[in-house]
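Working notes, beginning with the structure itself.
The values are calculated or read from the model by the stated rules, or taken from the named source; none is laboratory data. A quick note: this is a predicted structure, and the numbers were derived from the prediction, not measured. Positions of Cβ are backbone-derived with ideal geometry, glycine not excepted, and every protein chain shown enters the neighbour counts. Surface areas here come from the heavy atoms of the whole protein model, side chains and all, with no ligands, DNA or RNA. Shrake-Rupley method; radii C 1.70, N 1.55, O 1.52, S 1.80 Å.
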Amino acid sequence: MSKVRLCASITSNDIPSVKMIEPIVDLFEVRIDLIGDSWTDVARQLKKPWIACNRMVEEGGKWEGNEARRIERLLQAIELAQK
(Lines give C-alpha, C1' and ligand atoms only; values in the text may rest on other atoms or scores of the structure.)
Protein backbone atom coordinates (compact mmCIF):
# COMPACT_ATOMS: atom_id res chain seq x y z
CA MET A 1 0.00 0.00 0.00
CA SER A 2 1.28 3.48 -0.84
CA LYS A 3 1.80 6.21 1.72
CA VAL A 4 -1.27 8.23 2.66
CA ARG A 5 -0.99 11.86 1.65
CA LEU A 6 -2.76 14.74 3.32
CA CYS A 7 -4.24 17.82 1.64
CA ALA A 8 -5.34 20.74 3.83
CA SER A 9 -7.90 23.23 2.60
CA ILE A 10 -7.10 26.86 3.40
CA THR A 11 -10.30 28.82 3.90
CA SER A 12 -9.05 32.02 5.52
CA ASN A 13 -5.95 34.20 5.65
CA ASP A 14 -4.95 32.83 9.07
CA ILE A 15 -1.25 32.38 8.25
CA PRO A 16 -0.20 31.27 11.77
CA SER A 17 -2.61 28.31 11.57
CA VAL A 18 -1.37 27.42 8.09
CA LYS A 19 2.24 27.49 9.29
CA MET A 20 1.31 25.30 12.26
CA ILE A 21 -0.07 22.49 10.09
CA GLU A 22 2.35 22.85 7.19
CA PRO A 23 4.81 20.23 8.52
CA ILE A 24 2.17 17.48 8.47
CA VAL A 25 0.53 18.11 5.08
CA ASP A 26 1.72 17.25 1.59
CA LEU A 27 -0.47 19.65 -0.36
CA PHE A 28 -2.69 22.68 0.19
CA GLU A 29 -5.95 23.64 -1.45
CA VAL A 30 -6.24 27.44 -1.61
CA ARG A 31 -9.95 28.33 -1.58
CA ILE A 32 -9.97 31.64 -3.44
CA ASP A 33 -13.73 32.00 -2.98
CA LEU A 34 -13.50 31.68 0.80
CA ILE A 35 -10.28 33.58 1.47
CA GLY A 36 -11.16 36.59 -0.65
CA ASP A 37 -8.76 39.17 -2.04
CA SER A 38 -5.89 38.20 0.27
CA TRP A 39 -5.61 34.71 -1.23
CA THR A 40 -2.44 35.68 -3.13
CA ASP A 41 -0.75 36.72 0.11
CA VAL A 42 -1.55 33.30 1.54
CA ALA A 43 -0.40 31.38 -1.54
CA ARG A 44 2.90 33.27 -1.70
CA GLN A 45 3.80 32.07 1.80
CA LEU A 46 3.25 28.37 1.16
CA LYS A 47 6.31 26.15 1.15
CA LYS A 48 4.44 23.07 -0.08
CA PRO A 49 2.66 22.43 -3.39
CA TRP A 50 -0.83 23.90 -3.66
CA ILE A 51 -3.87 23.85 -5.89
CA ALA A 52 -6.41 26.63 -6.34
CA CYS A 53 -10.17 26.29 -6.11
CA ASN A 54 -12.72 29.01 -6.79
CA ARG A 55 -16.21 27.59 -6.39
CA MET A 56 -19.34 29.41 -7.42
CA VAL A 57 -22.32 29.55 -5.06
CA GLU A 58 -24.07 26.91 -7.19
CA GLU A 59 -21.12 24.58 -6.52
CA GLY A 60 -21.22 25.10 -2.77
CA GLY A 61 -18.71 27.94 -2.74
CA LYS A 62 -18.88 31.64 -2.03
CA TRP A 63 -17.80 33.16 -5.38
CA GLU A 64 -20.42 35.68 -6.36
CA GLY A 65 -18.54 37.49 -9.14
CA ASN A 66 -19.00 36.82 -12.82
CA GLU A 67 -17.52 33.82 -14.64
CA ALA A 68 -14.88 35.86 -16.49
CA ARG A 69 -13.50 37.21 -13.21
CA ARG A 70 -13.60 33.76 -11.60
CA ILE A 71 -11.53 32.32 -14.43
CA GLU A 72 -9.19 35.31 -14.27
CA ARG A 73 -8.46 34.49 -10.63
CA LEU A 74 -7.75 30.86 -11.51
CA LEU A 75 -5.38 31.91 -14.30
CA GLN A 76 -3.70 34.24 -11.80
CA ALA A 77 -3.21 31.22 -9.53
CA ILE A 78 -1.47 29.32 -12.34
CA GLU A 79 0.85 32.24 -12.93
CA LEU A 80 1.59 32.61 -9.21
CA ALA A 81 2.28 28.88 -8.78
CA GLN A 82 4.89 28.97 -11.55
CA LYS A 83 7.02 31.59 -9.79
Inset, instruction - Give the long-range amide H neighbours of Arg55: residues separated by 5 or more places, or on another chain, with amide H under 5 Å away, using H modelled in the peptide plane at 1.01 Å from N. - result: Asp33, Lys62, Trp63
Inset, instruction - Would you please state the base-10 log of I(q)/I(0) at q = 0.25, 0.33 1/Å for the range 37-83, with intensities from the Debye formula using one equal scatterer on every alpha carbon? - result: -0.98, -1.29
Legend entry - For the range 20-33, Karplus couplings with θ = phi - 60° (6.51, -1.76, 1.60), whole Hz, Gly/Pro x: 5, 8, 3, x, 9, 10, 9, 7, 10, 10, 8, 8, 3, 5
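Show that you can apply the helix-only estimate: for the chain, add -39,500 (n - 2.57) for every DSSP H stretch of four or more residues, divide by all residues, and state [θ] at 222 nm to the nearest 500.
Values: 4 runs with 32 residues, N = 83.
Mean residue ellipticity at 222 nm (helix-derived): -10500 deg cm²/dmol.
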Inset, instruction - Work out the length of the dipole vector of the chain about its Cα centre, built from +1 on the beta-carbon of each Lys and Arg and -1 on the beta-carbon of each Asp and Glu, and round it to the nearest 20 debye. - result: 380 debye
Inset, instruction - Could you please state how large a percent of the accessible area of the chain is carbon and sulfur, counting protein chains only and using a 1.4 Å probe? - result: 54 percent
Legend entry - C-alpha long axis of helix 67-81 to longest principal axis of the chain, angle in °: 30 degrees
Inset, instruction - For the chain, report the accessible area per residue in Å² (1.4 Å probe, heavy atoms, rounded to an integer). - result: 67 Å²
Legend entry - Potential extension, Ser17-Gln45 segment - 0.36 nm per residue separation minus Cα distance: 8.9 nm
